[in-house]
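What follows is a short report on a single structure.
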């Protein structure tokens with residue numbers, strides 16, 4: 001596209017061409033710096049993008065308002081970075097990281113989140129103009145949520161902000177949608193905050209031993225496992241062969257305990273206390289005549305569940321269901337269930353009332 005630039009603007013464009021390799025290198029460096037900072041902070045973002053303004057884009061900008069720029073250094077978005085977060089409150093965390101890394105030009109930075117127009121949702125980005133030592137040009141960092149980014153892109157595609165007149169009925173629908181998305185953004189952050197508070201309460205209840213008050217779910221079971229509830233049983237089993245214990249994830253047992261009717265952590269704890277002796281007898285039968293010198297940490301909870309199933313009359317079908325939940329359906333699960341059922345009938349715990 002042919003541009004009509006005066007000598008002053010041509011000089012700025014020439015400066016851009018000379019600076020382009022350095023700008024490209026710095027843009028990549030800034031991207032990597034932000035990425036590593038977020039990773040160290042444990043901050044997960046949806047996207048981290050960067051770009052260097054193209055020559056055609058810069059020429060178009062100069063053609064429109066080149067007189068306001070004395071040199072390339074007056075243009076604040078030669079390099080642009082965009083951080084897209086999942087949650088609105090994470091925008092502030094990103095902003096805090098940016099403030100620690102770079103010098104922020106507060107006079108030219110804009111917090112568009114302070115706008116309150118009904119149609120402003122997609123433009124609620126936080127825009128920082130920044131600089132860093134050793135680099136003569138400023139750069140822009142935009143920070144916004146996934147929903148704000150989606151809204152902004154949709155507006156761009158529909159021409160909503162392009163100067164094209166949009167019929168009022170469409171404007172009304174767009175504005176209604178903006179309000180819904182803004183509410184969704186707020187609710188996502190609120191729900192995450194409430195879940196965090198819930199997990200803290202659960203951890204406190206688990207740590208205090210009030211397990212009957214704690215419903216059995218993924219978060220609570222994970223906190224329960226942090227207490228090492230099967231360690232004593234596993235050590236007792238390992239002592240049979242002086243075996244080592246290989247730690248493996250025990251979260252798959254959540255589905256098993258739920259299938260056995262456990263609704264709280266108290267139910268699981270009671271099952272462990274009631275069935276540990278039976279589990280030990282089953283394990284002794286399994287490994288007592290072998291030279292096995294390594295056992296899995298899953299052996300204890302597995303045999304607790306087997307002991308409970310057998311004592312409660314679940315039999316072969318119950319044991320197979322347990323193995324199906326742990327390992328996925330398989331014919332070998334049925335064979336193992338049949339073997340354990342037949343052999344366990346002679347164990348002492350099965351004859352205790």
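The values are calculated or read from the model by the stated rules, or taken from the named source; none is laboratory data. In this text, all values refer to a predicted model and were calculated from it rather than measured experimentally. Cβ sites come from the backbone with ideal geometry, for glycine too, and all protein chains shown count toward neighbours.
So that you can scan it fast, the table gives a plain yes or no per residue for (1) in contact (Cβ under 8 Å) with a residue 24 or more places away in the chain; (2) more than 25 Å from residue 107 (Cα to Cα); (3) assigned to a helix (DSSP H, G or I):
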position: 10; (1), (2), (3): no, yes, yes
position: 23; (1), (2), (3): yes, no, yes
position: 26; (1), (2), (3): yes, no, yes
position: 61; (1), (2), (3): no, no, yes
position: 67; (1), (2), (3): yes, no, yes
position: 70; (1), (2), (3): no, no, no
position: 76; (1), (2), (3): yes, no, no
Suppose the filter is over 24 Å from residue 249 (Cα atoms) and touching a helix residue (DSSP H, G or I) at 6+ places or on another chain (Cβ under 9 Å); does residue 194 pass it?
no
If you go through the range 35-59 one residue at a time, how many are more than 21 Å from residue 136 (Cβ to Cβ) and outside any helix (DSSP H, G or I)?
8
Just one of (1) under 30 Å from residue 186 (Cβ atoms); (2) part of a helix (DSSP H, G or I) trips up residue 83, so point out which.
(2)
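Per-residue answers, yes or no, for (1) in contact with a helix residue (DSSP H, G or I) (Cβ under 9 Å, 6 or more places away or on another chain); (2) under 30 Å from residue 303 (Cα atoms); (3) at pLDDT 90 or above:
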residue: 179; (1), (2), (3): yes, no, no
residue: 187; (1), (2), (3): no, no, no
residue: 198; (1), (2), (3): yes, no, no
residue: 211; (1), (2), (3): yes, yes, yes
residue: 218; (1), (2), (3): yes, yes, yes
residue: 222; (1), (2), (3): yes, yes, yes
residue: 226; (1), (2), (3): yes, yes, yes
residue: 238; (1), (2), (3): yes, yes, yes
For the range 287-309, does any single residue satisfy the condition of being without any contact (Cβ under 8 Å) to a residue 40 or more places away in the chain, more than 24 Å from residue 214 (Cα to Cα) and surrounded by fewer than 20 Cβ atoms within 10 Å (Cβ to Cβ)?
yes
Does residue 224 fit the bill of being in a helix (DSSP H, G or I) and out of contact with any strand residue (DSSP E or B) (no Cβ under 9 Å at 6 or more places or on another chain)?
yes
Please count how many residues of the range 129-163 are in a loop (DSSP other than H, G, I, E, B) and at pLDDT 75 or above.
7
Pick from 227, 254: which is crowded, with 20+ Cβ neighbours inside 10 Å, without any contact (Cβ under 8 Å) to a residue 40 or more places away in the chain and within 28 Å of residue 207 (Cβ to Cβ)?
254
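So, in the range 261-280, exactly how many residues are in a loop (DSSP other than H, G, I, E, B) and surrounded by fewer than 18 Cβ atoms within 10 Å (Cβ to Cβ)?
Let us first name the residues in the range 261-280 that are in a loop (DSSP other than H, G, I, E, B), namely 261-263.
Right, trim to surrounded by fewer than 18 Cβ atoms within 10 Å (Cβ to Cβ) and you get 261, 263.
Residues meeting the conditions: 2.
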Qualifying residues in the range 89-100 (those that are surrounded by fewer than 22 Cβ atoms within 10 Å (Cβ to Cβ) and within 16 Å of the chain's Cα centre (by Cα)) - the one modelled with the lowest pLDDT:
89
Would it be correct to say that residue 341 is part of a loop (DSSP other than H, G, I, E, B) and touching a residue at least 24 places away in the same chain (Cβ under 8 Å)?
no
Just one of (1) under 30 Å from residue 207 (Cβ atoms); (2) in a helix (DSSP H, G or I); (3) under 35 Å from the mean Cα position of the chain (by Cα) trips up residue 333, so point out which.
(1)
